[in-house]
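The values are calculated or read from the model by the stated rules, or taken from the named source; none is laboratory data. Fair warning: this is a prediction, and the values are worked out from it, not measured in the lab. With ideal geometry, Cβ positions are generated from the backbone for all residues, glycine too; neighbour counts draw on all protein chains shown. Each accessible area value is taken on the protein alone, full model and side chains, heavy atoms only, with ligands, DNA and RNA left out. Shrake-Rupley method; radii C 1.70, N 1.55, O 1.52, S 1.80 Å.
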Amino acid sequence: MLTLTFLVKTLIELYVMVLLLRIWMQWSRCDFYNPFAQFIVKVTQPVIGPLRRIIPSLGPIDTASLLVAFILTTLKYPLLLLIQAGVLSLDPMNLLVGALSLLKSAGTLVFWVIIIRSLMSWVSQGRSPVEYVLMQMTEPMMAPIRRVIPAMGGIDFSAMGVIIILYLLNYLGMDLFPGLWYLL
């Protein structure tokens with residue numbers, strides 16, 4: 001059962017991350033002709049394409065992708081409970097768990113995108129199409145911090161500033177939802 005639990009949880013979380021990447025790329029107006037952006041669109045298009053005909057975007061936010069990500073995070077824990085204990089729990093509290101899980105997934109995605117962008121800046125020197133998309137996505141968060149904490153000695157500390165803010169928000173989630181935040 002642990003193998004099936006791991007597989008289901010990992011697949012749902014990975015697809016939610018890809019959906020959140022699609023939302024984030026559309027919100028930050030990334031270059032959708034980039035190979036990395038094309039991969040994200042092609043992976044999500046079979047599910048999101050038909051839904052976008054029914055559910056229109058609200059400005060720069062892809063509401064169809066957001067709805068699918070919310071539904072997946074809401075169904076993740078009842079599905080895992082069904083696999084592990086054989087009990088199906090259809091509780092309205094699952095909506096709160098789904099919203100919090102989606103919020104935590106978004107924070108985790110921002111964290112890893114900033115880490116990957118920082119590591120790639122040491123290696124690729126701005127020549128990679130993936131790094132270009134990551135720069136387009138993270139620059140709106142890092143630029144205000146860069147104005148407060150300028151680069152010192154050629155080292156940009158804005159990524160560290162965003163990561164510290166993410167850690168603070170994570171600890172705030174732990175304080176506000178003490179038992180629930182660890183399960184997400």
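From the list 70, 36, the one residue that fits, being of a type in the set (A, V, I, L, M, F, W, C), in contact with a Pro (Cβ under 7 Å, 6 or more places away or on another chain) and part of a helix (DSSP H, G or I), is 36. Being open to solvent by less than 60 Å² (accessible area, probe 1.4 Å), closer than 21 Å to residue 99 by Cα and of a type outside the set (S, T, N, Q) is the filter here; which residues of region 23-58 pass it? Scanning region 23-58 gives 23, 24, 25, 48, 51, 55.
Within region 122-137, being of a type in the set (D, E, K, R) and part of a helix (DSSP H, G or I) holds for one residue alone: 131.
Search region 56-75 for residues being modelled with pLDDT under 90 and hydrophobic (A, V, I, L, M, F, W, C), and hand back the single one that is nearest to the chain's Cα centre (by Cα). Result: 61. Scanning region 82-127 for residues that are open to solvent by 70 Å² or more (accessible area, probe 1.4 Å) and under 16 Å from residue 180 (Cα atoms) turns up 91, 92, 93, 95, 103.
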